[in-house]
Amino acid sequence: MPADLGNFYNLTQTETSAAIIVFNILFAFALAYIIVWTWRKTHRGLSYSQSFAFTLMMLSPLAATVMMIVKNNLIGAFALLGAFAFIRFRTIMKETRDVAFLFFALTIGVATGTNNYAIAIIATALISAMILFLWKKNFGSAKEKTGFVLTLATDGNFRGENLRALFDQYLHKHELLHASTSTEAHEYAYAIHVKDGTRASDFLREVKNAAGVRSTYLITGKETIEY
């Protein structure tokens, strides 16, 4: 056997077999499907992103592939780390829980790529069950508070004192978020907590009838991350 061919044959013995490569990628893909299903099942609010679901699906197989590449290869690991240094997430995460799901998918991919199948299976099943349990219990919600963001468009006749009585009647507390002015119109935004969420429409109606108020806009703060 020629020397070059013999060296190549010896080199391939250190590589992962094609069957294991295919199995690991498909196995990571299957576990990622469970993660994405859990994310979709427990998703709340209006910030659903199909592209994020696609990202979760691809992250585990990619992580598994990376781990098979850099396994037992310290130089390759540092080279790959340097390549990833150029990659940045330019999309702002609207929900902090999405960061946990990204790390979830990445961790399962790493476990699969290093042939830790038992860890991957148990972690996917157990963590998914924990997430579903917390979602079912509505864990972390502040039921005693009903928060809204109130936006007012006003004219020159508006005075803040005009709303003080209404705020005292309907609200636990309120805070001015921002105010903007122009030649003919003004806009104010308040963070408010109503005493009774069922009377929010009554509060909005009375605010709209206040002197100097042109229009009102009320959005719930329950599912929004920030104003």
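Structural remarks
- Put simply, of G156, G140 the only residue that is open to solvent by 60 Å² or more (accessible area, probe 1.4 Å) and in a loop (DSSP other than H, G, I, E, B) is G140.
- Scanning the stretch 180-195 for residues that are at pLDDT below 80 and closer than 18 Å to G212 by Cβ, we see that the one that is surrounded by the fewest Cβ atoms within 10 Å (Cβ to Cβ) is T183.
- Summed over the stretch 36-46, the residues that are within 15 Å of L134 (Cα to Cα) and either surrounded by 20 or more Cβ atoms within 10 Å (Cβ to Cβ) or in contact (Cβ under 8 Å) with a residue 12 or more places away in the chain (or both) give a count of 6.
- Answer residue from the stretch 97-135, given it is polar (S, T, N, Q) and within 16 Å of A63 (Cβ to Cβ) and is surrounded by the most Cβ atoms within 10 Å (Cβ to Cβ) among those: T112
The values are calculated or read from the model by the stated rules, or taken from the named source; none is laboratory data. What you are looking at is a predicted structure, and each value in this text was computed from that prediction instead of being measured. Ideal geometry is used to build each Cβ from the backbone, glycine not excepted, and the neighbour counts take in all protein chains shown. Accessible surface is based on the protein model in full, side chains and every heavy atom, while ligands, DNA and RNA are left aside. Shrake-Rupley method; radii C 1.70, N 1.55, O 1.52, S 1.80 Å.
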